[in-house]
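Reading through the structure tokens given below for one structure.
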Amino acid sequence: MKCIQKAWKDHQHELRDFFRGQLGNTYWADDLLQDVFVKALADRETFCRLKNTRAWLYRVAKNRLIDFQRSHKYYAEVSDCYPAETVEPSPLQNLSKCLSSVLKHLSADDQEIIECCDLEGLHQAEYARLKELSVEATKSRIQRARKRLKIRLQSCCQVVFDEQGSVCCFSSNS
């Protein structure tokens, strides 16, 4: 029994620090430390014959810690205050601000055909029927309107197009 008391006196502080460092919780550290010494008491005959009681205590401490961590899964409560994940908007999403102001500077006919066919998704054939135009005339009108829109976007918003003709970047001055 004296060998266990000596081991307790010699190693309790460093074992407690070991558990605290691993768990970050003094109460759990003290509970596990107690478990280690209860194990030493239970195996006192074997324990007292050991040449290196410190190594035995650390092996038991490590095993007890592993068991504890397996049985006590840590689940942190999720706060409602967490900021929403921010996603970098694409150039096209940012361009919508500039687009609305540039559209106002186009003719009423150009605005209407771009808004109906390109922004609202109306088929050109349906637009032609509604406006009593031929499909060919509608296609010509929308192409001319798109060219005028592109020129306005390049001058007002410094829109830069890549090799495929897609918007790659811009800066709004409007």
What residue, among those in the range 1-33 that are out of contact with any helix residue (DSSP H, G or I) (no Cβ under 8 Å at 6 or more places or on another chain) and small (G, A, S), is modelled with the lowest pLDDT? G24
Given the structure, is A55 over 39 Å from the mean Cα position of the chain (by Cα), part of a helix (DSSP H, G or I) and within 20 Å of D10 (Cα to Cα)? yes
Only residues that are polar (S, T, N, Q) and out of contact with any Lys or Arg (no Cβ under 7 Å at 6 or more places or on another chain): list them for the range 15-40, please. Q22, N25, Q34
For residues that are surrounded by fewer than 17 Cβ atoms within 10 Å (Cβ to Cβ) and under 27 Å from V160 (Cβ atoms), tally how many sit in the range 112-138. 5
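The values are calculated or read from the model by the stated rules, or taken from the named source; none is laboratory data. The shown structure was predicted, so the numbers you read here are calculated from the model rather than taken from an experiment. Note that we place each Cβ from the backbone using ideal geometry, even for glycine, and neighbour counts take in every protein chain shown.
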